[in-house]
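Step one of this worksheet: look at the structure below.
The values are calculated or read from the model by the stated rules, or taken from the named source; none is laboratory data. These numbers were taken from a predicted model, which means no experiment stands behind them. Heads up, the Cβs are rebuilt from the backbone with ideal geometry, glycines too, and the neighbour counts pull from every protein chain shown. What goes into the accessible areas is simple: the full protein's heavy atoms, side chains included, and nothing from ligands, DNA or RNA. Shrake-Rupley method; radii C 1.70, N 1.55, O 1.52, S 1.80 Å.
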Amino acid sequence: MKTKFIAFFAIAGCLLAVSSPLSAHHGSAAYENSKEVVLKNATVTKVNWGNPHTLVLFDVKDDKGNVVHWVAEGGAASAVSTTGWTKNAVQPGDLVTVYLYQAKNGQPIGRASKVVLADGTTLGSGYLEGDRPSQCDKDFGPGGDESSACRPGGRKTTNKE
């Protein structure tokens with residue numbers, strides 16, 4: 001009996017330890033949300049279009065002329081596609097201007113708010129995802145979310161509200 005009791009609490013403790021970082025991950029607490037950084041003449045080196053986040057890697061020169069390798073994190077592909085992004089919108093070699101909220105620890109990592117292409121096309125809403133006003137239907141109710149509400153034809157759900 002005592003062994004089962006100890007095993008139960010050991011398993012429960014392990015589950016809590018593993019699940020705690022998962023819920024903390026989906027916030028914007030790691031970024032300096034009050035200060036947007038603008039990085040001009042950034043050269044895209046790689047784009048990782050996917051889930052759980054879309055990443056744009058790019059190089060930009062600092063004030064001393066040194067090349068700094070940056071990573072801008074966006075939402076999932078399905079989420080950023082509602083703000084103009086497509087899989088091929090940004091390619092390695094493109095010159096862009098990146099608007100982001102830098103990591104509080106000062107590393108060259110940030111949460112992208114928007115990317116402006118050389119031709120002036122803007123990708124992104126200008127807000128931190130999750131911290132911006134809804135672009136579409138404001139009442140999602142059970143079974144709905146913003147990305148489905150923003151699709152042509154609106155939100156579709158089989159749930160009864």
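Data overview
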quantity: Single condition residue 79 does not satisfy, out of (1) more than 15 Å from residue 107 (Cβ to Cβ); (2) free of Cβ contacts under 8 Å to residues at least 60 places away in the same chain; (3) open to solvent by less than 30 Å² (accessible area, probe 1.4 Å); calculated: (2)
quantity: Hits in the stretch 118-130 - residues which are part of a strand (DSSP E or B) and crowded, with 16+ Cβ neighbours inside 10 Å; calculated: 123
quantity: Those residues of the stretch 54-76 which are open to solvent by 30 Å² or more (accessible area, probe 1.4 Å) and of a type outside the set (Lys, Arg), in sequence order; calculated: 55, 57, 59, 62, 63, 65, 66, 67, 68, 69, 71
quantity: Scan of the stretch 82-113 for residues that are touching a helix residue (DSSP H, G or I) at 6+ places or on another chain (Cβ under 8 Å) and surrounded by fewer than 17 Cβ atoms within 10 Å (Cβ to Cβ), ordered by number; calculated: 87
quantity: Residue that is nearest to residue 125 (Cα to Cα) [pool: residues in the stretch 82-108 that are outside any loop (DSSP other than H, G, I, E, B) and free of Cβ contacts under 8 Å to residues at least 60 places away in the same chain]; calculated: 83
